[in-house]
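The structure under discussion appears below in the form of structure tokens.
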Amino acid sequence: QVQLVESGGGLVQPGGSLRLSCAASGSIRSSNVMGWHRQAPGKQREFVATITSGGNTNYADSVAGRFTISRDNAKNTVDLQMNSLKPEDTAVYYCWTFNTRSYWGQGTPVTVSS
């Protein structure tokens with residue numbers, strides 16, 4: 001079993017920044033890919049970004065150039081730095097990893113509004 005706990009969500013104005021953090025515990029290995037997904041109200045959950053243990057990253061087109069994913073393999077943490085936030089980034093953000101199956105955190109809400 002893997003446990004994921006997110007933090008860092010909140011309310012921010014358009015153009016602002018937020019940093020999300022996720023701490024993994026349990027049967028987590030530094031080799032596991034980690035990432036972030038999000039679910040906006042009334043929409044399906046969608047991919048945001050992933051990062052491998054070697055630091056290879058992948059981003060959704062909608063966030064590329066604005067969001068940066070990073071991880072600390074020693075601490076089993078993954079962060080998402082979100083810059084130039086837009087109202088359409090409003091969603092609940094979920095930390096994700098895979099270890100024989102997908103694991104999800106409980107989610108942290110991000111609201112971008114003036």
Nearest-10 value in Å² for the accessible area of THR90, using the 1.4 Å probe: 40 Å²
Excluding ALA24 itself, what net charge comes from residues whose Cβ is under 11 Å from its Cβ, given Lys and Arg +1 and Asp and Glu -1? +1
Under a Cβ-only charge scheme (Lys and Arg +1, Asp and Glu -1), can you give me the dipole magnitude of the chain about the Cα centre, in debye to the nearest 20? 160 debye
Quick tally, 1.4 Å probe accessible area for TRP96, TRP36, TRP104, sorted with the most first, runs TRP104, TRP96, TRP36
Work from the charge dipole of the chain (Cβ charges, +1 for Lys and Arg, -1 for Asp and Glu, about the Cα centre) and give the residue of PHE47, SER62, LEU11 farthest towards its positive end. PHE47
Probe radius 1.4 Å, ligands and nucleic acids left out: which of LEU18, LEU4 has the largest accessible area, and how do the rest follow? LEU18, LEU4
Listed residues SER102, GLN81, GLY35: farthest to the positive end of the dipole of the chain (Cβ charges): SER102
Rounded to the nearest percent, how much of the accessible area of the chain (1.4 Å probe, protein heavy atoms only) is carbon and sulfur? 47 percent
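List the longest stretch of the chain that has no exposed loop site; here a site is one of the trypsin sites (Lys or Arg not before Pro) assigned by DSSP to anything other than H, G, I, E or B, with at most 12 other Cβ within 10 Å.
On the way: sites that count: ARG29, LYS43, LYS75, ARG101.
So the longest stretch without any such site is 44-74.
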To the nearest Å², the heavy-atom accessible area per residue of region 1-91 with 1.4 Å probe amounts to 52 Å²
Which whole-number percent of Cα pairs in the chain have a distance greater than 21 Å? 30 percent
FRET efficiency, 1/(1 + (r/R0)^6) with R0 35 Å, evaluated for SER17 and ALA74 via beta carbons: 0.85
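The values are calculated or read from the model by the stated rules, or taken from the named source; none is laboratory data. A quick note: this is a predicted structure, and the numbers were derived from the prediction, not measured. Note: ideal-geometry Cβ built from the backbone for every residue, glycine included; neighbour counts use all protein chains shown. When the accessible area is computed, the model is the full protein with side chains, heavy atoms only, and any ligands, DNA or RNA have been set aside. Shrake-Rupley method; radii C 1.70, N 1.55, O 1.52, S 1.80 Å.
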